[in-house]
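Everything below concerns the one structure shown next.
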Amino acid sequence: MKRFLLWLLMVGSAAAAPGPDAPQAIGAFLNGVFPSATPGPTGSWAVVDAFPGVTFVDPVRMVKDPLSTAHVYVVCRSGEIWRMPFSPTATNADKVRVLDRRANTWGYWDAGMLSISFHPEFGKPGSPNRGYAYVFYQYLPQQNGNTNPEAPSYMRLSRFTMPDGAQVFDPASELVMIQQFDRHNWHSGGMSFFGPEGFLYLVVGDEGGSNDQYNVGQKFNNRLFAGILRIDVDRDPTRSHPIRHQPLQIDMPAGWEPSYTQGYYIPNDNPWQDPDSLYNVLEEFWSIGTRSPHSMTFDDETGEIWVAEVGQGTREEITIARWAGNHQWPYKEGFANGPNSKPSSLIGYEVPPIYDYPRSMGGCVIGGMVYRGTTHLGSLGGKYLFGDHNTKALYVLNRTEGQPVTSQYLASVNRTGGIKRGLAGISEGPDREPYFMELGDTGTDTGKILKLMRNGTPVPDPPLLLSQTGAFTDLANLTPRAGLIPYEVNSPLWSDGAEKLRWIAIPNNGTHDTPAEQVTYRETGAWDFPPGTVLVKHFAMPVDARNPSLIKPLETRFFVRAADGSYYGVTYRWNEAGTDAVLLADGASRDYTVTDAQGTTSTRRWDFP
């Protein structure tokens with residue numbers, strides 16, 4: 001075999017030990033035990049009806065039920081929120097309307113009821129927050145049937161309460177927290193979520209019109225438009241403070257209430273603070289400079305906030321938002337110059353998009369989520385999915401460090417019908433798979449929820465049991481089969497106290513330097529291994545410091561170089577008896593009891609990928 005540096009492969013020095021100096025023949029993919037491609041669906045992509053028996057009027061979001069993986073909530077632009085079973089056999093008869101604000105919702109174009117976020121303690125017995133959910137919608141004091149986007153309304157964030165034992169929200173419980181007069185109903189934004197620190201994030205657009213005609217895109221001391229807002233709905237005085245400044249008032253129809261904010265505090269670590277009231281800074285802003293951010297999503301594995309923003313006439317853009325960031329509207333539209341000049345004194349720091357695309361590709365970007373599911377893990381894992389309302393196309397971003405970000409076409413959300421039978425939102429289901437909201441015909445009960453599928457023959461999983469892989473001739477003692485080379489790494493990572501063993505199987509015929517077994521070494525970059533190479537990593541936990549021989553096996557992972565040059569990984573979780581391990585189809589956790597040198601026991605949780 002090709003000799004390579006021993007700072008990666010530190011094998012035994014004895015001549016008979018397996019390794020570069022004593023090659024042992026082994027076939028690709030551990031003698032064909034592992035598939036040559038990522039297990040799972042294959043073939044071309046398509047979009048199918050996820051719930052054939054269910055329809056909605058203008059659905060825009062699907063939200064996980066915080067209390068049950070068997071149900072979801074669906075937000076409809078017209079002013080309704082429904083709860084339904086998360087089942088392909090669900091029917092319209094199974095839906096429950098939990099909130100109805102149609103009489104006061106301006107639900108046309110890209111405005112209306114757009115999001116619901118449940119308090120992190122929703123449903124927790126004894127919590128004062130157990131019934132709270134936060135809804136963003138375009139509020140109209142009285143419905144008048146006017147569909148002109150230049151008809152005024154309010155941008156409103158409200159808290160609603162679901163009483164104990166009830167299945168629906170009490171409409172009389174509404175606490176209006178943000179009421180911002182809005183002269184033009186386009187560019188609402190409106191997506192919200194609770195961050196890991198417990199603060200509520202809400203993204204809003206630039207009030208509408210063209211060319212930032214209301215001059216709010218680069219301001220944080222005017223009104224609550226064009227940025228991401230971050231507030232503390234719990235009003236915790238140890239980390240937040242009361243609202244110091246109110247939005248500026250402007251002329252509005254006679255008899256209409258002024259704009260106001262109430263019922264929350266401002267996080268002390270929001271980027272722009274004005275304790276001395278020198279500039280009337282609206283301290284809710286976490287970032288500024290958005291135009292029409294129809295969607296925003298939080299990736300809980302990386303902590304990144306993704307914003308998909310509809311452009312004016314040139315570019316559509318996708319951005320990873322940052323604290324104190326400036327999204328650059330209106331002096332930039334994507335990477336292109338925008339309609340206005342860049343301010344001489346810039347608020348925050350510039351956060352350009354990571355990707356934009358021209359009108360030749362589409363004209364209304366719809367985000368979006370980072371794929372964290374399992375069905376299409378090999379193809380989509382960790383990638384951002386998005387689409388375009390105008391073209392009805394779905395895409396995935398390819399993002400590799402040091403390389404330009406590119407997109408790949410997947411499929412079309414293309415039912416027969418008018419322009420509004422197109423993509424309106426992308427949401428993550430309880431199964432972590434993507435679901436696509438399709439409006440249907442405006443104002444009619446024809447909207448659908450769709451999902452991805454592939455039409456090829458699936459690549460089968462590897463064996464169900466670790467013992468069936470043949471990786472070890474003696475599982476109890478972890479004796480590796482011929483051809484598995486033990487190795488260590490220079491800088492092993494800490495893994496919650498677990499001990500690790502590693503092996504690698506490079507396909508070879510038992511002799512040195514045949515072309516199929518060459519390893520390409522790079523001093524600073526990734527090494528290239530032949531297709532069919534398999535790396536093995538075993539984790540075990542010492543469970544009693546008083547007896548080092550008591551070690552509990554946790555999991556054994558395999559990382560496989562596929563035939564097309566990509567990699568995929570699988571893990572086997574050991575049973576409680578430590579006699580074998582079972583292939584995991586999804587992530588899992590398990591608690592273990594460990595004992596320290598003084599005999600004190602504690603619980604340690606292990607997360608399986």
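The values are calculated or read from the model by the stated rules, or taken from the named source; none is laboratory data. Being a predicted model, the structure only gives us computed values, none of them experimental. Note that we place each Cβ from the backbone using ideal geometry, even for glycine, and neighbour counts take in every protein chain shown. All accessible areas refer to the heavy atoms of the entire protein, side chains included, with ligands and DNA or RNA removed. Shrake-Rupley method; radii C 1.70, N 1.55, O 1.52, S 1.80 Å.
Charged side chains reduced to their Cβ positions (Lys and Arg at +1, Asp and Glu at -1) give the chain a dipole of some 680 debye around its Cα centre.
Could you tell me the center-to-center distance, by alpha carbons, between the stretch 135-186 and the stretch 62-124 in angstrom? Between the Cα centre of the stretch 135-186 and that of the stretch 62-124, the gap is 15 Å. A dipole drawn for the chain from +1 and -1 charges on Cβ atoms has a positive end, and of 85, 473, 143 the residue lying farthest that way is 473.
Distance distribution note for the stretch 348-441: the fraction of Cα pairs above 14 angstrom is 67%. Relative to the Cα centre, the charge distribution of the stretch 364-461, modelled as +1 at Lys and Arg Cβ and -1 at Asp and Glu Cβ, gives a dipole magnitude of about 140 debye.
Over the stretch 135-260, the fraction of Cα-Cα pairs per 5 Å bin, rounded to whole percents and listed from the shortest bin up, is 2, 9, 17, 21, 21, 15, 9, 4, 1, 0.
For the stretch 549-609, the Cβ-based charge dipole about the Cα centre amounts to some 100 debye (Lys, Arg positive; Asp, Glu negative; other atoms uncharged). Taking 23 Å as the limit for the C-alpha separation, the pairs 95/383; 392/451; 124/552; 124/383; 64/448; 64/332 exceed it in the case of 95/383; 124/552; 124/383; 64/332. Of the residues 439, 328, 593, the one whose Cα sits farthest toward the positive end of the charge dipole of the chain, with +1 on the Cβ of Lys and Arg and -1 on the Cβ of Asp and Glu, is 439. Based on the Cβ-Cβ distance from residue 464 to residue 398, what FRET efficiency comes out when R0 is 41 Å, to the nearest 0.05? The pair residue 464/residue 398 has a calculated efficiency of 0.80. Given a 1.4 angstrom probe, I'd like the percentage of the accessible area of the stretch 456-609 that is carbon and sulfur, rounded to a whole number. Solvent-exposed carbon and sulfur of the stretch 456-609 make up 52 percent of the total. Principal axis extents of the C-alpha atoms in the chain (largest first, rounded to whole Å): 92, 60, 57. From the P(r) of the stretch 222-289, could you give the percentage of C-alpha pairs in the tail past 20 Å? Cα-Cα pairs in the stretch 222-289 separated by more than 20 Å: 29 percent.
Dividing the summed -39500 (n - 2.57) terms of all DSSP H runs of n ≥ 4 by the residue count of the chain sets its mean residue ellipticity at 222 nm at -500 deg cm²/dmol.
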